[in-house]
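Below is one structure, written out as C-alpha cells; comments come after it.
Bear in mind these aren't lab numbers, they're just calculated from the coordinates by the rules spelled out. The structure displayed is predicted, hence computed values, not measured ones. Cβ: placed from backbone, ideal geometry, glycine included. Neighbour counts: every protein chain shown.
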Amino acid sequence: MASKNNLSVVIDIGTSKFVAVAGTKNESGKLEVAAIAKTPAMGIRRGVVFNIEETAGCVKSLLDELESQIEEKIESVHVAYAGQHIKTVHFQCERMTAEDGIVSRFDVDSLFEQAKGAELAEGYKLVEVIPVSYKIDNELMENPVGSTGQKLEAGYKLLVMPQNYWVNLLKVFGKLDVKLEKITLSTFAVSEAVLTEDEKEIGVIVLDMGAGTTNLAIYHDSRLIHTAVIPFGGKVVTSDIKEGCSILLKTAEQLKIQYGQALGDFADDQKVVTIPGNNGWEPKEISFKSLAFIIQARIEEIIDSVNYQIEKSGITELLGAGIVLTGGTSNLENIISLVKFRTGLDARPAKLVMGLHENNKEISAQENFTALGLLSLVERTTQNATTLSKKVKKEKKIKEPGRFSKKLSNLVQGVLDLVDDENEDIPLK
C-alpha cells in the first residue's frame, strides 16, 4: 500500500455527502488509497457553503477519520466543488516566437501567465487555468514546445467562481488550520474517473446528476469544449414527490430511492406502496405509476436543460460516444432510457475506468468517483510539475531565452454559460 509520506488529500464537497480520500499514485500509474472517510453533508445548499460552522464540522470529522487511519497530521487538502454560479470562461491569447522561430517553454509559460492575469468581472475569482489548444501559424498542435513557427496561439478554459464562495471555503478550512491548496470543478474530477481517452477523442458528455446540482462537461478531439452547472438535482425531485403526495420530505426521499423510476409508462399500475399514518391520520396508498410520473416530469425538465447546453456547445453532431451518467440521481430505474429518448444520444451508466490498486477495489463505488478522480488529477499534476521543473532547468543550462516581440493584445472569444436561477453571464472585463 501507499507510503504514509507525501500522500495527497482530497475532499469531494457535495450537497448530500462529503467524501475524503488520502493516497498517492504508484510507479505503475495506479492509485493507492491509504484512507477514505465519508459523512452526510451539512451547511451546503445547491453545492454552495451557506453555514460555515456546520460545513467546518463535517470537514473536521472527515479529517479526523483520515488522520486516525494514516496516523499523520493533515496540513493541506484539494477540494472538488460544484456551486451553481461557477463558470468556465474561454480565453485566447497569442505571441510571436523568438528570432529563431522555435517555440520554447518560455513562450508557452508566458501565454499561461497571460491567462492567469485575465481581468474578470468584479466579484469573481480565478481558481484554475486549463490549457485547451495550441496553434502555431494557425495549425493545431498538441505539444508546441520545439515546433517551428512565427505565431503561437493558446486557448484556455478559466474556471471562475464568485469571490464569496472562495472566501467561505477559506473560512471553513481556516477554522481547522488546514491549507486549501486548490479548488477543482467536480465535473473535471469525475471525468478523470469515468471517461476514457478514446471517448474524449470521439466526443462525449459526462453528466453528473447529484442531489443539489446537475453538472456536465463536453469533450471532443480530447479537448474540453463546454461545461455547465444546472441548479437542479435529486433534492428537487424529492421535493416534488413530497408536494405531489402530501407526505414528509424524509418519506418522499425514501420512496424515491426504494420505488422510484424515471418512466411512468413502464411502472406497474397494479402496485402500490402504503405510507403509515401518524397521530391519528389514515394511511396513504401511492401507486408506483403515479410516483414514476412525478419523477419523470422533473427529470425531463433537467434533461431539457442539458439539451440546451449541448446545443450551445455547437458539436451536437460530433458526440460519437454519447452521454456517461453518474451521480446519485442517475441510479433511478429507466433513467438511461429516458436520457436516450430525450437527447437522441446514446448513454451508459458510469464505471471507474482509471487504474486502482487491487487492494482498493472495494472503494470503487459510484459515490467515490469524484474523490478518486480528483486524487488522480492531483497526483498527475504533481508528477508533471516535477518532470517539467527538471526539463526547464535543463533547458536553461543549454540556452537562455532570446528577445521577444511586443506582447499582442489578449483576444476574448466569449463566455461559456452556466444555467442558474438568474441565467446571467459573467463576462471578462
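Pairs of Lys residues in segment 134-210, spaced 8 or more positions apart or belonging to different chains, with C-alpha separations under 23 angstrom: 7 in total.
Counted by neighbouring Cβ atoms within 10 Å, the residues Ile225, Ile336, Ile295 run from fewest to most as Ile336, Ile225, Ile295.
Taking amide H positions as modeled 1.01 Å from N, with prolines and chain starts lacking one, the residues under 5 Å from Lys182 and 5 or more places away or on another chain are Val79. Structural descriptor for segment 264-306: relative contact order 39 percent, calculated from alpha carbon pairs under 8 angstrom and at least 6 residues apart. Among the trypsin sites (Lys or Arg not before Pro) within segment 251-357, those in coil by DSSP and having at most 13 neighbouring Cβ atoms inside 10 Å are Lys271, Lys351.
Taking all Cα pairs closer than 8 Å and separated by 6 or more residues, the relative contact order of segment 196-352 comes to 27 percent.
Amide hydrogen proximity for His226: with H placed 1.01 Å from N in the peptide plane, the residues at 5 or more positions away or on another chain lying under 5 Å are Ile218. Considering the options Ile335, Gln92, Pro283, tell which one lies farthest towards the positive end of the dipole of the chain, charges being +1 on Lys and Arg and -1 on Asp and Glu at the Cβ, about the Cα centre. The Cα lying farthest towards the positive end belongs to Gln92.
The angle between the Cα long axis of helix 249-259 and the main principal axis of the chain comes to about 90°, on a 0 to 90 degree scale. Restriction of the GluC sites (Glu not before Pro) in segment 128-187 to DSSP coil positions whose beta-carbon has at most 16 other beta-carbons within 10 angstrom yields Glu142. Against the empirical curve 2.2 N^0.38 Å, the C-alpha radius of gyration of segment 196-352 lands at a ratio of 1.15.
Label reach from Asn331 (point 7 Å along Cα→C-beta): in segment 210-248, amide nitrogens under 12 Å belong to 211. Taken one residue at a time, the phi angles of segment 80-85 give Karplus couplings (6.51, -1.76, 1.60, θ = phi - 60°) of 9, 9, 8, x, 5, 9 Hz. Gly and Pro are set to x. Each peptide in 189-202, 75-88, 209-222, 103-116 was scored by the mean count of other Cβ atoms within 10 Å over its residues; highest first, the order is 209-222, 75-88, 189-202, 103-116. Kindly express, to the nearest 10 degrees and within the range 0 to 90, the angle between helix 52-70's C-alpha long axis and the longest C-alpha principal axis of the chain. It is inclined by approximately 80 degrees.
When you restrict to C-alpha pairs under 8 Å that are six or more residues apart and normalise by the size of the chain, the relative contact order lands at 21 percent. Among the GluC sites (Glu not before Pro) within segment 29-72, those in coil by DSSP and having at most 16 neighbouring Cβ atoms inside 10 Å are Glu71, Glu72. Taken one residue at a time, the phi angles of segment 355-369 give Karplus couplings (6.51, -1.76, 1.60, θ = phi - 60°) of x, 10, 4, 4, 7, 10, 4, 6, 9, 7, 6, 4, 5, 9, 4 Hz. Gly and Pro are set to x.
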